[in-house]
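Notes follow once the structure below has been shown.
The values are calculated or read from the model by the stated rules, or taken from the named source; none is laboratory data. Quantities reported herein were computed from a predicted structural model and do not represent experimental measurements. Reconstructed Cβ throughout: ideal geometry from the backbone, glycine too, with neighbour counts over all protein chains shown. Only protein heavy atoms, including side chains, enter the accessible area calculation; ligands, DNA and RNA are left aside. Shrake-Rupley method; radii C 1.70, N 1.55, O 1.52, S 1.80 Å.
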Amino acid sequence: MTVRRGTVGSWRQLVPDARLAWSEATLALRTDNRVGDLLRRCVPRRVHSSLTVRRAINTIRQRARGADPDDAGVTLHPFHCVPAGDGLNVVVVHDLRHLHPEFGSPGYAAVIRENVARAAAVVVSWPHPYRQVRDAFPEAGDKTVLIPPPTFQAAPDRSHAAPEADLLVYPSSTGPHKNHRTLLEAMALLPEYRLVCPGPLLEPEASRLLTRISEPDLRGRVHFPGYVSTTELHALYARATAMVMPSLWEAASGPAFEAFSWGLPLVCADVEPLRAQLEFVDGEAGMFSPTDPLSLADAVRHVLADRGYYAAASVRAGRRLAGRTWVDTARDYAAVLEWVAAGRHGSIPRSAFIADTAGRGGSG
């Protein structure tokens, strides 16, 4: 099993199985650890925005490598943007955003292509990237499988507090493709609503967004609290009246699945990945043109004018996902690892959850 450097001890405690050997992948110059946070605070903002610096950092990251354990038969490699080791690898592909020039990096695209080519098996987590992997790498079709994880922040099994009728939520980092700019201009057209956007404040976009919400038409109504704890996120979901998802690209939106789990009406951009996600769980949402603030504002008003209908639709979609657990996911992964270890005889094992969801109306 390949994990991030410095986390092996905790993984061994969480998964105390003597059959597993562990290796570490060095994800260089990360921004979500103590050193990365210190560098981000000390380096001038103009450097954060430098295309040359960002390209140099990406080049270093793309040369990081995972090492196969000496005694491993098959290694699970979950970092599709880090080069895999030399042994038998089951590579997890999160999405193919980096194969699209407007959203990604050619260097990372090259890493993904090499990992898929060398992998003994490829696991993809959601229907849209699964279709893309099969289309982009038809030669890998017989070794590629769809294994969805469960909803990351599912609603606790308890009654929820009454939502605040004017509170919208959008959990996300401030990466440019997350499309906060369109959302903020829509909020200027929605003076009756407030918005909270928890998530990592990535520069240089974060500074632009914080400057925009300080202007009179948004001041005091839109907040970017940065990273929040699970407890804080759950409290926010319990208070919100709807979730807005303006992202231009997702493998599958974790927060959208969380909205279904919490029974939150969803308003989302009309883009292919999000449409595929709705199809997967037979969900419903208010859709809007991705870069049109007026279309977004109209969709919010439309959904919340009939909030009960869209909340019920989210509850139904959430029930389709509710039975999926990490134990189920682990069993599906184990079947693929065993298939590779045994010599890849016959067809690659498929997740029973996919067949079951397809039989109930979702995408297979």
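Summary table
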| quantity | calculated |
| --- | --- |
| Lys, Arg +1 and Asp, Glu -1 on Cβ, resulting dipole of the stretch 259-364 about Cα centre, debye, nearest 20 | 360 debye |
| Relative packing of peptides 190-201, 82-93 - highest average C-beta neighbours within 10 Å first | 82-93, 190-201 |
| Cα gyration tensor, the stretch 75-146 - rounded (a/c under 1.5), prolate or oblate | oblate |
| Share of Cα-Cα pairs in the stretch 219-280 lying beyond 17 Å, as whole percent | 45 percent |
| Rounded to the nearest 20 debye, dipole of the stretch 126-219 from Cβ charges on Lys, Arg, Asp, Glu | 140 debye |
| Burial order of peptide ranges 244-250, 144-150, 300-306 (average beta-carbon count within 10 Å, highest first) | 244-250, 144-150, 300-306 |
| Packing rank of 327-340, 207-220, where each peptide gets the mean count of other beta carbons within 10 Å, highest leading | 327-340, 207-220 |
| Accessible area, probe 1.4 Å, largest first, for residues HIS345, HIS77, HIS223 | HIS345, HIS223, HIS77 |
| Segment GLU232-ASP270, extension gain: residue separation times 0.36 nm, minus the distance between their alpha carbons | 10.8 nm |
| Gain on full stretching of the segment that runs from ARG301 to ALA21 - 0.36 nm per residue minus C-alpha separation | 95.5 nm |
| Extended-chain gain in nm, criterion 0.36 nm per residue less alpha-carbon gap, ALA352 and ARG319 | 10.2 nm |
| Modelled FRET efficiency - R0 30 Å, ASP217 with GLN153, Cβ distances, 0.05 increments | 0.45 |
| Hydrodynamic radius (Kirkwood) for the stretch 96-255, which is based on Cα pairs only, to one decimal in Å | 17.9 Å |
| Cα convex hull of the stretch 198-240 - mean projected area over all directions, nm² | 3.3 nm² |
| With 10 Å bins from 0: P(r) over the stretch 177-336, alpha-carbon pairs, percent | 10, 37, 38, 12, 3, 0 |
| ASP86 versus TRP326: modelled label distance in nm, points set 7 Å from Cα along the beta carbon direction | 3.4 nm |
| Probe 1.4 Å, protein heavy atoms only - accessible area per residue of the stretch 163-277 in square angstrom | 34 Å² |
